[in-house]
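One structure is given here, and the rest of the page talks about it.
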Amino acid sequence: MRLLWDNRWAQVEQEVNAKYDVVRHRFETHGKRGKASPFHNWSGKSVRQMAIDVKHEEAYDVFYAELSSFTHIDVRLANRFLRLRSDEMTWSPRAREFDVGNVLRYAAIFLDCHLKLFGQQLGVWDSQAVERCWNDQGI
């Protein structure tokens, strides 16, 4: 990392910071006392609020805990890779097939939510464009 910094990024640090200062206000929120603080995510909203905005609140309520298990490791995720046998416990590098399918299904649902919200927030595409994308017709 030090070599990358010294040989590439150190030379452009001031330029990058200057460009960021120009757009920083777009990624900040202001508290009660007017103090600016950066968003903790790209939209300034919670994942739950984003799901509500695109009418996927039920999907959030059902799937979020399981999906976040892959980001914030917990015992539910560990159990997917634990194999219990009569004589021993072992860990497998592969989740059970059913779980892999669920991860893909849940990821598709959340991608749908986020594509719709992103398009809506930035005015770059609408919900119908997202549906066309899922149907392999492009945005």
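Taking the criterion of being among the aliphatic types (A, V, I, L, M) and at pLDDT 70 or above, would at least one residue in segment 92-101 satisfy it?
no
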| message | Looking at segment 23-43, I want the residues that are over 23 Å from Leu117 (Cα atoms) and have a partner that is loosely packed, with under 11 Cβ neighbours inside 10 Å and at pLDDT 80 or above with Cβ atoms under 8 Å, at least 6 apart or on another chain. Which pairs are those? | response | Gly31/Ser37; Ala36/His25; Ala36/His30
| Has segment 51-70 got at least one residue that is at pLDDT below 80 and assigned to a loop (DSSP other than H, G, I, E, B)? | yes
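Can you name every residue in segment 31-50 that is of a type in the set (Gly, Ala, Ser) and part of a loop (DSSP other than H, G, I, E, B)?
Across segment 31-50, the qualifying residues are Gly31, Gly34, Ser43, Gly44, Ser46.
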| field | Which numbered condition Trp125 fails, given (1) part of a loop (DSSP other than H, G, I, E, B); (2) at pLDDT 65 or above; (3) out of contact with any Lys or Arg (no Cβ under 9 Å at 6 or more places or on another chain) | value | (3)
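The values are calculated or read from the model by the stated rules, or taken from the named source; none is laboratory data. Remember, predicted model here, so these are calculated numbers, not experimental data. Don't worry about glycine lacking a Cβ; one is built from the backbone with ideal geometry, like all the others, and counts go over all protein chains shown.
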